[in-house]
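**Student:** I have a structure here, written as structure tokens, and I will follow up with some questions on it.
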Amino acid sequence: MAIRNIGRITVGEMREELKQGARFVTYEYVISLLVITRRRPSPVFYIRPGQSPAQFHWPYTFITLLLGWWGFPWGPALTLGAVRDNRRGGHNVTAKMLDLILAQADQQLKRSTPGH
């Protein structure tokens with residue numbers, strides 16, 4: 001699982017940052033080709049406390065504005081929805097990511113414990 005913008009921090013450091021307002025988010029992008037329109041999530045980004053999520057949504061918003069409109073009938077509607085969601089800060093997936101991180105840590109602990 002690749003998380004962008006997280007760098008090398010410990011679980012304890014991440015826990016403290018989450019208490020201060022950090023979160024995990026995804027953005028959306030839309031690509032359309034005449035009758036086919038696809039709305040997809042970006043990779044997960046770690047947004048630190050006080051950090052603006054705006055700097056991370058622009059590549060996905062730009063792709064959407066460039067390539068999202070061209071599908072019939074859903075291209076324009078999905079494009080507007082993705083741009084709106086991205087501008088509002090993306091989708092908060094913090095709870096899901098914490099579950100995944102804790103499950104991976106638990107698996108690693110079990111593998112490193114003798115007898116497992």
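**Student:** Would you be able to tell me the number of residues in the range 10-67 that are open to solvent by less than 20 Å² (accessible area, probe 1.4 Å), of a type in the set (A, V, I, L, M, F, W, C) and more than 19 Å from Arg84 (Cα to Cα)?
**Tutor:** 2
**Student:** Do you know which residues across the range 18-53 are without any contact (Cβ under 8 Å) to a residue 12 or more places away in the chain and assigned to a helix (DSSP H, G or I)?
**Tutor:** Answer for the range 18-53, where residues must be without any contact (Cβ under 8 Å) to a residue 12 or more places away in the chain and assigned to a helix (DSSP H, G or I): just Lys19.
**Student:** Considering only residues of the range 68-116 that are hydroxyl-bearing (Ser, Thr, Tyr) and out of contact with any Gly (no Cβ under 9 Å at 6 or more places or on another chain), which is nearest to Trp58 (Cα to Cα)?
**Tutor:** This residue is Thr94.
**Student:** Of the numbered conditions (1) under 13 Å from the mean Cα position of the chain (by Cα); (2) in a helix (DSSP H, G or I); (3) surrounded by 15 or more Cβ atoms within 10 Å (Cβ to Cβ), Gly89 fails exactly one; give the number of that condition.
**Tutor:** (2) is the only condition that Gly89 fails.
**Student:** Which members of the range 77-90 meet the condition of being touching a residue at least 24 places away in the same chain (Cβ under 8 Å) and either in contact with a Pro (Cβ under 6 Å, 6 or more places away or on another chain) or farther than 23 Å from Ile36 by Cβ (or both)?
**Tutor:** Arg87, Gly89, Gly90
The values are calculated or read from the model by the stated rules, or taken from the named source; none is laboratory data. Note that this is a predicted model, so its numbers are computed, not measured. Note: ideal-geometry Cβ built from the backbone for every residue, glycine included; neighbour counts use all protein chains shown. The protein model used for the area step is the full one, side chains on, heavy atoms only, and it has no ligands, DNA or RNA in it. Shrake-Rupley method; radii C 1.70, N 1.55, O 1.52, S 1.80 Å.
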